[in-house]
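Inspection log for the structure reproduced underneath, given as structure tokens.
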Amino acid sequence: METRAIRGFNDILPDQVKRWQHIEERARTIFEIHGYSEIRTPVVEFTDIFARSIGTTTDIVEKEMYTFTDRDGSSITLRPEGTAGVVRSFIEHNMYAKSPISKLYYMGMMFRHERPQKGRYRGFYQIGAELFGPKEPLADAEIIIMLWRYFEAIGISPFLRPEISSLGDENCRPLFKRELVKFFKPKRNELCEDCQKRLEQNPLRIFDCKKERCKEIAEKAPSILDNLCDECKEHFDLVKESLEKIGTPFVLNPRIVRGLDYYTRTVFEVTTEELGAQNAVGAGGRYDALVEELGGPPTPAVGFALGMERMLLLHEKMFPDGFKKEADAFIAHIGSEARNRAFLLAYELRKNGAFIDLDYEDKSLKSQLKRADKLGVKYTIIIGEEELRRGVLKVRDMRKSLEEEMSLEDVKKLAIKLKI
Ligand code: ATP
Ligand code: MG
């Protein structure tokens, strides 16, 4: 008998683990400065939890779940995604009663019975975050801003395309579905068999079809963004406005439907052209009805999930020459007084969790910058005599070639900047 792992399940060997840890560590740093705490839920739940939250007519529930009968006859399922379990835990532990807002993140293995290929496995890892409580568009914006910040921090944002849309709510979505049925009915016979079924069960999902003919027909279908009710439109406008204010990029894609039934209003997907057919790196959105549907009090919520293996493939593309954890910053100094100050600053920054390197002897700025370049640091801090006199330092962003001045005294603020 051959000794091997189950198809679609991977070992992560020691020489790959550094990269994994780096992607995880950056998630912890970024999510935690946004106020999120980690939650760990079981990898197995009652099947009903997933069927009720993900939706019985979705691909996941219809075709992809690992469902077993437990010894006592109950039906249990290996989690195909993280949100349902987190919501179950949120309700079971009355988190809503303890605080009006809960911010949670998770990382861990998910299970879906799919056809394995590059970037698609049966056991795979997701990193996700969920924000419970606020119904305001600022919450949607903040979570998208945090997500983009994270992609920048691990260096893969140049490969990514952030798309957003709104799915409306219980007022406007049913009306839009009716519009869609009106549009697709006359073309019913040209649609694939699956889409003919979707036309009856959930016409929105026709937008998800990968078949050329169906895509062609769907192209001319009405757009949800032209059919939002006033409240949903205002909500979506405010989300876009906040993203613009912060400078977080996005493009509108009114064809986003998501493979899960629980989304309302804002939805988003992050895609890439670097991974062939596996173009989704992460996705999320608002799901205001789910907590109540699973038996909790009405609680608005918004969240996302990211595919770890796909982020890693992009990270390998971006940093192909092996991977070592680069220092967050290198401190260059000019003059002996600045050198002593730099030494002190390095110590203080390390105490605040930043990964710092510097030279001990007085070298030319040019040679120090060369060493910073070699280390591959994101930032170089420069302390010269003139800066020292004014109580400031320069922070140079090595990738963007931008420079800004910051106070020498505000070490905490500086450490946070370096770490993210
Ligand atoms: P896809 O369209 O690729 O099947 P999905 O819509 O089913 O993705 P989600 O349920 O939104 O995916 O999960 C969030 C992320 O998890 C995806 O964007 C993807 O990066 C990752 N992911 C989903 N399924 C798998 C899988 N089988 N193997 C590896 N990563 C996966
Ligand atoms: Mg899928």
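Run the dipole for segment 329-419 about the Cα centre, Lys and Arg Cβ at +1, Asp and Glu Cβ at -1, nothing else charged, and hand back the magnitude in debye, nearest 20. Show your work: numbers first, answer last.
Details: 20 positive and 16 negative charges, 87 e Å.
It comes to approximately 420 debye.
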Checklist entry - Between residue 220 and residue 178, what is the label-to-label distance in nm when each label sits 7 Å out along the Cα-to-Cβ direction? => result 2.4 nm
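Under 13 Å from the Cβ of residue 134, count the other residues' Cβ atoms, weight Lys and Arg +1, Asp and Glu -1, and hand me the total. Write down the numbers at each step before the final one.
Values: positive: 103, 135, 265, 286; negative: 130, 136, 140, 142, 288.
That works out to -1.
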Checklist entry - Nearest 10 degrees, 0 to 90: what angle lies between the long axis of helix 308-318 and the longest principal axis of the chain (Cα atoms)? => result 50 degrees
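Determine, for each peptide in 229-237, 285-293, the mean count of other beta carbons within 10 angstrom over its residues, then list the peptides with the highest first. Working shown, then result.
Numbers: 229-237: 16.2, 285-293: 21.7.
Taking the mean over residues of other Cβ atoms within 10 Å, the ranking is 285-293, 229-237.
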Checklist outcome for this item: With x for Gly and Pro, the residue-by-residue ³J(HN,Hα) of segment 346-352, computed from phi through the Karplus equation 6.51 cos²θ - 1.76 cosθ + 1.60 at θ = phi - 60° and given in whole Hz, is 4, 4, 5, 5, 5, 4, 8
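Please state the shape class of segment 98-242: rounded when a/c is under 1.5, otherwise prolate if a/b exceeds b/c and oblate if not, all from the C-alpha gyration tensor. Show your work: numbers first, answer last.
Values: a/c = 2.00, a/b = 1.28, b/c = 1.57.
Note, shape of segment 98-242 comes out oblate.
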Item to check | Summed side-chain charge close to residue 334 - residues other than residue 334 whose Cβ falls under 10 Å, Lys, Arg +1, Asp, Glu -1 | outcome: -3
Checklist entry - Per residue of the chain, what 222 nm ellipticity follows from adding -39500 (n - 2.57) for every DSSP H run with n ≥ 4, rounded to the nearest 500? => result -11500 deg cm²/dmol
Next on the checklist: Less than 17 Å apart at the alpha-carbon level, and either on another chain or at least 8 residues along: which lysines does that give for residue 374?
Outcome noted: 324, 325, 363, 366, 400
Checklist entry - Tell me, what HN-Hα J-couplings in whole Hz come from the Karplus equation 6.51 cos²θ - 1.76 cosθ + 1.60 at θ = phi - 60° for each residue of segment 261-271, using x for Gly and Pro? => result 7, 7, 6, 9, 6, 4, 10, 8, 9, 10, 10
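What does the charge count around residue 124 come to, taking other residues whose C-beta lies under 14 Å from its C-beta (Lys +1, Arg +1, Asp -1, Glu -1)?
Details: positive: 7, 79, 112, 115, 118, 120, 122, 310; negative: 11, 64, 81, 114, 309.
Residues near residue 124 contribute +3 overall.
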Checklist entry - Which one of 411, 16, 263 has its Cα pushed farthest toward the positive end of the charge dipole of the chain, where Lys and Arg give +1 and Asp and Glu give -1 at the Cβ? => result 16
Next on the checklist: Could you tell me how far the Cα centroid of segment 151-196 sits from the Cα centroid of segment 24-100, in Å?
Outcome noted: 24 Å
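Round to the nearest 0.05 the FRET efficiency obtained for residue 401 and residue 189 when R0 = 56 Å and r is the Cβ-Cβ distance.
Numbers: r = 58 Å, r/R0 = 1.03.
It comes out at approximately 0.45.
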Checklist outcome for this item: Mean projected area (nm²) from the convex hull of Cα positions in segment 155-200 is 5.4 nm²
Checklist entry - Using the Cα atoms of the chain to build a convex hull, what is its mean projected area in square nanometres? => result 25.1 nm²
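List the relative contact order of segment 1-101 as a percent without decimals, with contacts defined as Cα pairs under 8 Å and 6+ residues apart. Don't jump to the answer; show the numbers that get you there.
Values: 59 pairs, mean separation 22.8, N = 101.
The value is 23 percent.
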Checklist entry - Hey, which lysines would be in cross-link range of residue 185, C-alpha to C-alpha under 19 Å, not counting anything within fewer than 8 residues on its own chain? => result 177, 197, 211, 215, 220
Checklist entry - Which aspartates and glutamates have a Cα less than 13 Å from the Cα of residue 118, not counting those fewer than 8 places away in the same chain? => result 274, 309
Next on the checklist: I need the P(r) histogram for segment 329-419: all alpha carbon pairs, bin width 5 Å from 0 out to the longest distance, whole percents.
Outcome noted: 3, 16, 29, 29, 19, 4
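No value in this document is a laboratory result; all are computed from the given coordinates. Please read all numbers here as calculations on a predicted model, not as lab measurements. Heads up, the Cβs are rebuilt from the backbone with ideal geometry, glycines too, and the neighbour counts pull from every protein chain shown.
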